[in-house]
Amino acid sequence: MALWAGRFSKEIDAGVNTFNSSIAFDARMYRHDIQGSIAHATMLGDCEIITKEDSAQLVTGLEGILADLDSGALEFDPNAEDIHMFVEAELTRRCGDVGKRLHTSRSRNDQVALDLRLYLRDEIQAVRELVEKLCKTLVTLAQQHTETVMPGYTHLQCAQPVTFAHHLLAYVQMFLRDLGRLDDTAKRMNECPLGSGALAGTTYHIDRKQTASLLGFDAPMANSLDGVSDRDYCIELADALSLIMMHLSRFSEEIILWCSWEFKFIELDDAFATGSSIMPQKKNPDITELIRGKTARVYGDLQTLLTMMKGLPLAYNKDMQEDKEAIFDAVDNVKLCLETFIPMLETMRVNRDNMRAAVAKGFINATDCADYLVKKGMPFRDAYKISGTLVAQCIEQGLTLETLPLEQYQKMTPLFTEDVYAAINLETCVRGRVSEGGPSPDAVAQQLGAVKARLGMES
Ligand code: ARG
């Protein structure tokens, strides 16, 4: 019979038991469940709610279960209702009646809220480390490409020249914001729900500050109803993870473009690409496509959590058991994507020449041509028009701004002199973009310095 079977006269229906059970997916929280129970048992002893001897015996029993689960000597019972019931039943099997004292002044409602916070707190750190590693990988790559000129795009049309370093560092900025969001979430969720009981606290004189501090929380949660019914932290985390995926997905989309025959800006290492079963020439960027695809499911997890919570009256409702699969799926997939994406970046080859050749097409220096006239005193709107007319003439004659004869420039305005060619030279165009945050090697060096300091990298 179940541990709660007191008022029941029948065994639970086998199908209902399976339907109701969460051990298949909450078993992964066993370490955190036991860690929480050890703190609870210690507090019960210290507050003399149970004897010191019983408390010590519970702690020893729990430590034994932890060691046996870690080593594989003890297996999870797939018929258990959840990880909490499993551990408690096993404790009672090992310690006899003393085991039955563990749940004094506690409910599974505050227990599961605690376990999930403890589990996700660790997972946030694991994701954080991966995002940080990704940033460092990007910085290392960027340092090799501060002079690698590439087209910058708007509307996926050649717009203005940038460098590959500048482009990569844009992603570093996004991932640094992601780190900030993970930290905010970790900070806000670091309050302890244990001691909220089922919903209304307890008549025992427990010490919530002690358990909170034993478990590394900043404080106990202030309201017991909120303590057991809050899942904001899951939603916040799923939101932070969705943004990480959105960034990875945009980056993936660019890599997919960059390794197409039409771009050929990069080539993925053979170990990080796949072939086709029919087309022998194919080398497909499956990793990046999968990341783009998995972004959808992480967004789905966020949607699941938001929708699951929206109609729930206070306090605990069984609907909330659905939180775990959603948030675990989001965390697992983000980790998986980062773990694969980082070595893929580390091993890809960058084709500077093709990037440079692409910059030479598409009149990417047309703004610089207008700016040349502005620096000679012409209002920008007039200069813009002349530059546009020159581009049209080039297209008609199959020329570029670099190869258009000076006479043709001068027909538009005598302000054009021989030095226009230096002004529209693509390297000059990049080097001239010295504004803070811009692509010139000097501006990028500044950005690199700031980013490296934030990541604790040696300068
Ligand atoms: N397995 C449950 C969950 O994940 C644990 C809490 C059960 N509480 C209850 N009152 N039935 O939410």
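Computed from the coordinates by the stated procedures, all read-outs in this text should not be read as laboratory data. Source: prediction; values computed, not measured. Here the Cβ is made from the backbone with ideal geometry for all residues, glycine too, and neighbour counts use every protein chain on show.
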Reachable aspartates and glutamates, given that their alpha-carbon falls under 17 Å from the alpha-carbon of K136 and they are not under 8 places away in the same chain: D178, E339, E346, E458
Cβ crowding within 10 Å averaged over residues, with 105-114, 225-234, 64-73, 299-308 ranked highest first: 105-114, 225-234, 299-308, 64-73
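Could you size up the charge dipole of the chain around its Cα centre, putting +1 on the beta carbon of Lys and Arg and -1 on that of Asp and Glu, and report it in debye to the nearest 20? Before the final figure, lay out each step's value.
Numbers: 47 positive and 66 negative charges, 216 e Å.
Charge dipole, the chain, about its Cα centre: 1040 debye, nearest 20.
Once you have the Cα-Cα distance between Q303 and E289, take 0.36 nm times their residue separation minus that, and quote the gain in nm to one decimal. Could you put the intermediate results ahead of the total?
Working: separation 14, 0.36 × 14 = 5.04 nm, distance 2.18 nm.
This chain segment gains 2.9 nm when fully extended.
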0 to 90° range, to nearest 10: angle between helix 164-188 axis and the chain longest Cα axis: 20
Helix 83-95 vs. the chain, principal-axis angle (Cα, 0 to 90°, nearest 10): 40
Two-site label geometry, D442 and A24: point separation in nm, points 7 Å out along Cα→Cβ: 6.4
For the chain: relative contact order, % (alpha-carbon pairs under 8 angstrom, 6 or more apart): 15
Protection proxy ranking of 115-123, 33-41, 268-276 - average other beta-carbon atoms within 10 Å, highest first: 33-41, 115-123, 268-276
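To the nearest 500 deg cm²/dmol, what mean residue ellipticity at 222 nm is calculated for the chain from DSSP H runs of n ≥ 4 alone, each contributing -39,500 (n - 2.57), summed and divided by the residues?
On the way: 19 runs with 280 residues, N = 459.
After summing the helix terms and dividing by residue count, I get -20000 deg cm²/dmol.
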Between 0 and 90°, nearest 10: helix 52-71 axis offset from the chain longest Cα axis: 50
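Taking each pair of different alpha-carbon atoms in the chain once, compute 1/r for the pair, average those values, and report the inverse of that mean as the Kirkwood hydrodynamic radius in Å to one decimal. Don't skip to the end; give the middle numbers.
Numbers: mean 1/r = 0.0378 Å⁻¹.
Hydrodynamic radius (Kirkwood, Cα only) of the chain equals 26.4 Å.
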Point-to-point label distance, D218-D332, nm (Cα→Cβ direction, 7 Å offset): 3.1
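In the structure displayed, which of K264/K452; K294/K324; K361/K385 lie more than 23 Å apart, Cα to Cα?
Numbers: K264/K452 29 Å; K294/K324 18 Å; K361/K385 20 Å.
Correct reply: K264/K452.
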Segment 260-299: trypsin sites (Lys or Arg not before Pro) falling in loop per DSSP and having at most 16 other Cβ within 10 Å: K264, K282, K283
Built amide H within the under 5 Å cut-off of S440, gap 5+: R433
Sequence of T163, T428, T295 once ranked by neighbouring C-beta atoms within 10 Å, starting from the fewest: T428, T295, T163
Cleavage-rule hits, GluC sites (Glu not before Pro), segment 239-326, DSSP coil, Cβ neighbours within 10 Å at most 15: E262
Two-site FRET efficiency, L455 against R381, from Cβ-Cβ distance with R₀ of 41 Å, rounded to 0.05: 0.45
Estimated FRET transfer efficiency when R0 is 60 angstrom, pair R7-S260 (beta carbons, to 0.05): 0.35
